[in-house]
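Asks: One structure follows; several queries about it will come next.
The values are calculated or read from the model by the stated rules, or taken from the named source; none is laboratory data. Model, not experiment: these values are computed from the prediction. We place every Cβ from the backbone using ideal geometry, glycine too, and count neighbours over all the protein chains shown. To get the accessible areas, we keep the full protein, side chains included, count just its heavy atoms, and leave off ligands, DNA and RNA. Shrake-Rupley method; radii C 1.70, N 1.55, O 1.52, S 1.80 Å.
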Amino acid sequence: MSSTRTLELPELALILLIGPSGSGKSTFAARLFEPTRVVSSDHCRALVSDDPGDQDATPAAFEVLHAIVDKRLAARRTTIVDATNVRASERQSLLRIAKEHDVPTAAVVFDLPERSCITRNAARADKPGPEVVRKHHEELRNSTNDLRGEGFRHVHVLSGEHETESAGIEWTRLRSDARQEQGPFDVIGDVHGCRAELEELLERLGYRLRRDGNGTSVDAEHPLGRRAILLGDLVDRGPDTPGVLRLAMGMAESGNALVVMGNHENKLVKALDGRRVKMTHGLERTLEQLSGTDEDFRGLVRRFCGELPEHYVLDGGELVVAHAGLPEHYQGRDSGRVRAFALYGATTGETDEAGLPVRYPWAADYRGAAIVLYGHTPVSSAEWLNRTMCLDTGCVFGGALTALRYPEDELESVPAKQHYSRPARPRGETDEAATERRIR
């Protein structure tokens, strides 16, 4: 009989099989996962006591199990834990390990009738008796009502023997995993509503603009097949955020551009959803500009900005792009703190004279193998620092809009046509310089 269920699971994840003894977890794991990916509590008991059914060895066995999970996730290896996992406390210890390594989690729940589990166990001498199975069932019912609330990103419930025996797996890439995309790329810093400068820069890079019947730029294609990468903060502060979004969305839809989310897109999405946000840093100007567009366009903007990834790993892992940059240990991983760093960077906990947070200079400590291209903090000129480069040269503040040709490592820029906004911190002053000036 064909599969009745296809379970979508991330290619990189910690996956917990949850169910009473005898519910078919080990059979399921043996059928669908490579043996090296599965960490079994029974096997760990055997490792420490030579007996997979020795319950007295359980504490030591789980120390081994947790150590293996920790090492595998540190090495970016998808790991499946085959244990009952019916207690929330047991799951939390594993969820903490996944969180430490910024790996998403998935739960596969085996919801079989109690009698079926007891019957299965009766055929095996090393399995617990009916009393233990009944206890497992009770714990399963009492502790799995809110698995997403516990922190599981993906939850699948298999009901009955047929589903457990016939379900299939479909592995899904993390949104950040674009290693198959080889380029060449033209990576462009923060645009902030500067449509005219974006159009001019694209033309200098060799792209051919495509306009609609009203003369509005809606796409740009390079005759040699190059693609643009926009580093976020397309919106706010500048004169034509809707025009920038039309062009960026058209290029993304046609495959002529990749776009990552910036902190300004993140805030715009919240505003469009009606959530309470401060109307500062140019958001009020964007909303005013969008009010002159139709509802369908605003809906497209909400969906486009809301679905942007926070970073990409490209070119077989040789290139990483993120709005605020990304240290090596976060690259290709997926968690709330990875997203926060990619959007905002990290701070020292201090503020400067302008009341702005002093950002931690992560690039000064970067020793990763991948090139990291980013924006977020305006600099007077784009320069290499430890295989990283900030491409935000403050166009909206009267600077320039800058791109890096990859892999050629050639810079191209166009000057701003005017000062559109006043920066809170002097343009070009780095966080390190601001800190030194404040200390002096």
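Asks: Which count do you get for residues in the range 64-100 that are of a type in the set (S, T, N, Q), surrounded by 20 or more Cβ atoms within 10 Å (Cβ to Cβ) and assigned to a loop (DSSP other than H, G, I, E, B)?
Replies: Keep residues of the range 64-100 that are of a type in the set (S, T, N, Q), which gives 78-79, 84-85, 89, 92-93.
If we keep only those that are surrounded by 20 or more Cβ atoms within 10 Å (Cβ to Cβ) too, we end up with 79, 84-85.
This time we only want the ones that are assigned to a loop (DSSP other than H, G, I, E, B), so: 84-85.
Residues flagged as of a type in the set (S, T, N, Q), surrounded by 20 or more Cβ atoms within 10 Å (Cβ to Cβ) and assigned to a loop (DSSP other than H, G, I, E, B) within the range 64-100 amount to 2.
Asks: Answer yes or no: is there a residue in the range 323-336 that is open to solvent by 50 Å² or more (accessible area, probe 1.4 Å), modelled with pLDDT of 95 or more, under 23 Å from Leu245 (Cα atoms) and in a loop (DSSP other than H, G, I, E, B).
Replies: Within the range 323-336, none of the residues are open to solvent by 50 Å² or more (accessible area, probe 1.4 Å), modelled with pLDDT of 95 or more, under 23 Å from Leu245 (Cα atoms) and in a loop (DSSP other than H, G, I, E, B).
Asks: Does the range 124-132 contain any residue that is of a type outside the set (Ser, Thr, Tyr), closer than 26 Å to Ser166 by Cα, touching a Lys or Arg at 6+ places or on another chain (Cβ under 8 Å) and open to solvent by 50 Å² or more (accessible area, probe 1.4 Å)?
Replies: No, the range 124-132 contains no residue that is of a type outside the set (Ser, Thr, Tyr), closer than 26 Å to Ser166 by Cα, touching a Lys or Arg at 6+ places or on another chain (Cβ under 8 Å) and open to solvent by 50 Å² or more (accessible area, probe 1.4 Å).
Asks: List pairs: first residue in the range 132-149 and more than 14 Å from Gly19 (Cβ to Cβ), second residue at pLDDT below 90 and surrounded by fewer than 21 Cβ atoms within 10 Å (Cβ to Cβ) anywhere in the structure, Cβ distance under 6 angstrom, at least six positions apart or on different chains.
Replies: Once the first residue is more than 14 Å from Gly19 (Cβ to Cβ) and sits in the range 132-149, no partner that is at pLDDT below 90 and surrounded by fewer than 21 Cβ atoms within 10 Å (Cβ to Cβ) comes close enough.
Asks: Residues in the range 228-239: is at least one touching a helix residue (DSSP H, G or I) at 6+ places or on another chain (Cβ under 7 Å), assigned to a strand (DSSP E or B) and open to solvent by less than 20 Å² (accessible area, probe 1.4 Å)? Quick ask: steps written out before the conclusion?
Replies: Looking only at the range 228-239, we keep the residues that are touching a helix residue (DSSP H, G or I) at 6+ places or on another chain (Cβ under 7 Å), and these are 228, 230, 232-238.
From what is left, the residues that are assigned to a strand (DSSP E or B) are 228, 230.
After this cut, where a residue has to be open to solvent by less than 20 Å² (accessible area, probe 1.4 Å) as well, the list is 228, 230.
Yes - at least one qualifying residue is present in the range 228-239.
Asks: Under the condition of being among the hydroxyl-bearing types (Ser, Thr, Tyr) and either modelled with pLDDT of 85 or more or buried (at least 17 other Cβ atoms within 10 Å of the Cβ) (or both), which residue from the range 348-369 is farthest from Gly151 (Cα to Cα)?
Replies: To start, the set of residues in the range 348-369 that are among the hydroxyl-bearing types (Ser, Thr, Tyr) comprises 348, 351, 360, 366.
Add one more test, that the residue is either modelled with pLDDT of 85 or more or buried (at least 17 other Cβ atoms within 10 Å of the Cβ) (or both), and what stays is 360, 366.
Details: Tyr360: 28, Tyr366: 30 Å.
That would be Tyr366.
Asks: So, in the range 370-385, exactly how many residues are open to solvent by less than 60 Å² (accessible area, probe 1.4 Å), more than 22 Å from Leu258 (Cβ to Cβ) and of a type in the set (S, T, N, Q)?
Replies: Result for the range 370-385: 1.
Asks: OK, next. Return the only residue of Val64, Val69 being free of Cβ contacts under 8 Å to residues at least 60 places away in the same chain and in contact with a Cys (Cβ under 7 Å, 6 or more places away or on another chain).
Replies: On the way: Val69 fails: in contact with a Cys (Cβ under 7 Å, 6 or more places away or on another chain).
Of the residues listed, the single one that is free of Cβ contacts under 8 Å to residues at least 60 places away in the same chain and in contact with a Cys (Cβ under 7 Å, 6 or more places away or on another chain) is Val64.
Asks: Taking the range 248-262, which residues are in contact with an Asp or Glu (Cβ under 7 Å, 6 or more places away or on another chain) and either over 18 Å from Ser176 (Cα atoms) or assigned to a helix (DSSP H, G or I) (or both)? Talk me through it step by step, then tell me what you get.
Replies: Of the residues in the range 248-262, the ones in contact with an Asp or Glu (Cβ under 7 Å, 6 or more places away or on another chain) are 250-251, 254, 256, 260-262.
Selection gives Gly250, Met251, Ser254.
Asks: Restricting to the range 105-129, name every residue that is within 30 Å of Leu12 (Cβ to Cβ) and of a type in the set (Val, Ile, Thr). Spell out the reasoning first.
Replies: In the first step, residues of the range 105-129 are kept if they are within 30 Å of Leu12 (Cβ to Cβ); the result is 105-112.
Once the filter is applied, which keeps residues that are within 30 Å of Leu12 (Cβ to Cβ) and of a type in the set (Val, Ile, Thr), the range 105-129 yields Thr105, Val108, Val109.
Asks: Report whether or not Thr402 is buried (at least 23 other Cβ atoms within 10 Å of the Cβ), touching a residue at least 24 places away in the same chain (Cβ under 8 Å) and touching a Pro at 6+ places or on another chain (Cβ under 7 Å). Can you show your working first?
Replies: Numbers: buried (at least 23 other Cβ atoms within 10 Å of the Cβ): yes; touching a residue at least 24 places away in the same chain (Cβ under 8 Å): yes; touching a Pro at 6+ places or on another chain (Cβ under 7 Å): no.
No; evaluated as a whole, the condition is false for this residue.
Asks: Quick check on my filter: what residues within the range 101-131 are charged (D, E, K, R), under 23 Å from Asp54 (Cβ atoms), in contact (Cβ under 8 Å) with a residue 40 or more places away in the chain and not in a loop (DSSP other than H, G, I, E, B)?
Replies: Across the range 101-131, the qualifying residue is only Arg120.
Asks: Tell me the residue from Leu272, Leu258, Leu300, Leu308 that is of a type in the set (A, V, I, L, M, F, W, C) and either surrounded by fewer than 18 Cβ atoms within 10 Å (Cβ to Cβ) or more than 21 Å from Tyr344 (Cα to Cα) (or both), please.
Replies: Numbers: Leu272 fails: either surrounded by fewer than 18 Cβ atoms within 10 Å (Cβ to Cβ) or more than 21 Å from Tyr344 (Cα to Cα) (or both); Leu258 fails: either surrounded by fewer than 18 Cβ atoms within 10 Å (Cβ to Cβ) or more than 21 Å from Tyr344 (Cα to Cα) (or both); Leu308 fails: either surrounded by fewer than 18 Cβ atoms within 10 Å (Cβ to Cβ) or more than 21 Å from Tyr344 (Cα to Cα) (or both).
From the options Leu272, Leu258, Leu300, Leu308, the qualifying one is Leu300.
Asks: Answer yes or no as to whether Thr119 is open to solvent by 40 Å² or more (accessible area, probe 1.4 Å) and hydroxyl-bearing (Ser, Thr, Tyr). Spell out the reasoning first.
Replies: Numbers: open to solvent by 40 Å² or more (accessible area, probe 1.4 Å): yes; hydroxyl-bearing (Ser, Thr, Tyr): yes.
In short, yes.
Asks: Is it the case that Gly206 is touching a residue at least 12 places away in the same chain (Cβ under 8 Å) and more than 19 Å from the chain's Cα centre (by Cα)?
Replies: Details: touching a residue at least 12 places away in the same chain (Cβ under 8 Å): yes; more than 19 Å from the chain's Cα centre (by Cα): yes.
So Gly206 fits the description; yes.
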